[in-house]
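Data first, discussion second: the structure below is written as structure tokens.
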């Protein structure tokens, strides 16, 4: 049996949208979009990425309802969720769309729908409980992030730096954050050596987060500054240990 949410999921997979396009389409079809708080809509203007998924569905005696969770990642690192209710008011009628800011409003709207309380011979319940979307680890800044990734990999002098596949992946980066990493120190080596470890975190168009770890040091024969880049923090710290051991 074909159900509406399967079609919607297929269309979403075949036709990726920007966060702005997805929001415009959601608000354009929702009958009550004018009720959304202005502050909510303003915050969504700075969305960096989005994700949509089916939350629950109920079909009974020709009536149906589906609820969807639409979540946007904002430029300040926070996430904002809107809940969409899709239902047909009478059997065979066109679906109507409504949008709500929180689950309490969604539940109140769902309770008003004319679905039969019990119709076991015709009922097809589907319930999908999704894990909460984890809060992003970084506060990203939209910038020329793909170029930053290219320059970072270009100045890396270590032979085992991230490969061309990583470079191609980061070509879709559009926001990033640089932070200095602290924690377990490496061995000191000779006096006057300088070591620093930085995480370059990138946000990709599909919402994926990718980090590169940069080691800056002067553990070279002539004491010059050198840059190395690694795909993981562990690999970067091991490289710092090796450098320190070689010159101690």
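Going by the conditions given, is residue 222 modelled with pLDDT under 90 and touching a strand residue (DSSP E or B) at 6+ places or on another chain (Cβ under 9 Å)? For residue 222, the condition - modelled with pLDDT under 90 and touching a strand residue (DSSP E or B) at 6+ places or on another chain (Cβ under 9 Å) - is not met.
The set of residues in the range 73-99 that are surrounded by 19 or more Cβ atoms within 10 Å (Cβ to Cβ) and without any contact (Cβ under 8 Å) to a residue 60 or more places away in the chain comprises 74, 82, 83, 84, 85, 87. Looking across 70, 64, one residue alone is touching a strand residue (DSSP E or B) at 6+ places or on another chain (Cβ under 6 Å) and either part of a strand (DSSP E or B) or surrounded by 20 or more Cβ atoms within 10 Å (Cβ to Cβ) (or both). It is 70. Filter the range 219-248 for residues that are part of a strand (DSSP E or B) and either in contact with a helix residue (DSSP H, G or I) (Cβ under 7 Å, 6 or more places away or on another chain) or in the same structural domain as residue 48 (by TED's automatic domain parsing) (or both) and give the result. Across the range 219-248, the qualifying residues are 227, 228, 229, 230. Residues in the range 83-107 that are assigned to a strand (DSSP E or B) and out of contact with any strand residue (DSSP E or B) (no Cβ under 9 Å at 6 or more places or on another chain): 0 in all.
The values are calculated or read from the model by the stated rules, or taken from the named source; none is laboratory data. Fair warning: this is a prediction, and the values are worked out from it, not measured in the lab. Glycine gets a Cβ as well: all are built from the backbone with ideal geometry, and neighbour counts include every protein chain shown.
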